[in-house]
């Protein structure tokens with residue numbers, strides 16, 4: 001699909017979903033203030049989910065000073081509703097989505113625009129996420145999330161590939177994409193960008209990953225939050241599969257298969273104790289692989305245990321969430337529960 005050339009000075013809308021991000025949102029907006037932008041053609045929309053932790057005051061400090069930054073109320077408080085609210089504020093040629101925990105490099109927007117202009121088959125471009133750490137625990141979690149053993153072929157995290165991919169984080173989208181496939185699915189608390197990108201590629205647009213496009217993401221320093229986050233990813237992935245009647249990626253099955261083997265193996269050995277050694281060997285093989293992968297992340301000997309545990313947490317959480325999704329969405333044919341529509345932080 002060949003898109004028309006970008007205008008010489010494209011109109012850019014940057015949308016930041018936000019809720020209770022005091023401390024982080026200021027860093028995000030500061031990075032945009034110092035970025036290489038055509039401010040006459042760029043608007044930043046911070047779509048706030050009625051924060052009550054001081055976030056709104058931080059945003060207002062910028063919007064009072066910078067007329068090209070605007071705060072939009074998001075009373076529904078979910079990410080896809082925030083994205084759609086921001087993108088619908090005014091016409092644009094390129095819509096960019098950014099997380100509130102993110103700081104962009106000065107040339108982030110300029111490089112996205114250049115990549116879109118260079119490839120007129122590209123409906124979306126994106127880059128690589130560089131993890132920022134506040135303490136040792138966040139460093140361990142970030143290392144796990146940036147390694148292929150932890151996240152498979154999520155190239156925007158690993159940075160091991162450039163060119164055409166199936167998804168990116170913090171994408172820059174041509175306006176024609178939204179004309180063709182619609183907006184973000186507001187039923188999805190998680191995986192809304194993943195699902196949207198699936199529709200983008202299915203419609204014939206290309207998604208380009210350019211490693212020179214860089215942003216920094218402040219990793220949350222909690223294994224509990226990591227578990228909640230990835231359990232939701234697995235749970236909502238099944239709902240996305242049901243919506244489209246297809247697997248969007250094969251890598252999503254790996255944690256679910258691992259959890260199934262872990263659970264079924266434990267049950268089988270209760271009735272067939274002679275197989276205990278084989279089950280134990282499988283568990284040890286996983287732990288050895290996780291430990292070796294943790295060593296190769298470069299965190300040093302003192303960080304190996306923390307990264308290994310992060311691998312276990314995210315694989316277990318995603319796999320359990322996936323099976324929860326299979327039970328609810330495929331077996332019961334139910335809709336998401338009211339509790340699951342609340343995005344946890």
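The values are calculated or read from the model by the stated rules, or taken from the named source; none is laboratory data. All figures in this text were calculated on a predicted structure; none of them were measured in a lab. Virtual Cβ from ideal backbone geometry, glycine too; neighbours counted across all protein chains shown.
A few notes on this one:
- Selection count where residues are surrounded by fewer than 17 Cβ atoms within 10 Å (Cβ to Cβ) and either part of a loop (DSSP other than H, G, I, E, B) or modelled with pLDDT of 95 or more (or both), scope segment 153-165: 5
- Looking only at segment 46-57, residues that are in contact (Cβ under 8 Å) with a residue 12 or more places away in the chain and over 19 Å from the mean Cα position of the chain (by Cα) come to 7 in all.
- Strands (runs of 3 or more DSSP E) within segment 29-140 that include 3 or more residues farther than 24 Å from residue 227 by Cα and assigned by TED's automatic domain parsing to the domain that holds residue 16: 42-48, 69-73, 94-97, 122-132
- Residue within segment 244-262 that is assigned to a helix (DSSP H, G or I) and buried (at least 21 other Cβ atoms within 10 Å of the Cβ) present: yes
- Qualifying residue in segment 37-53 (condition: on the phi > 0 side of the Ramachandran plot and out of contact with any helix residue (DSSP H, G or I) (no Cβ under 6 Å at 6 or more places or on another chain)): yes
- Each residue in segment 190-226 was checked for being touching a residue at least 24 places away in the same chain (Cβ under 8 Å) and either crowded, with 20+ Cβ neighbours inside 10 Å or part of a strand (DSSP E or B) (or both), and 25 pass.
- Scan of segment 263-290 for residues that are farther than 22 Å from residue 140 by Cα and surrounded by 12 or more Cβ atoms within 10 Å (Cβ to Cβ), ordered by number: 263, 265, 266, 268, 269, 275, 276, 278, 279, 280, 282
- Single condition residue 168 does not satisfy, out of (1) surrounded by fewer than 22 Cβ atoms within 10 Å (Cβ to Cβ); (2) touching a strand residue (DSSP E or B) at 6+ places or on another chain (Cβ under 6 Å): (1)
- Single unsatisfied condition, residue 54 versus (1) over 29 Å from residue 194 (Cβ atoms); (2) modelled with pLDDT under 95; (3) in contact with a strand residue (DSSP E or B) (Cβ under 8 Å, 6 or more places away or on another chain): (3)
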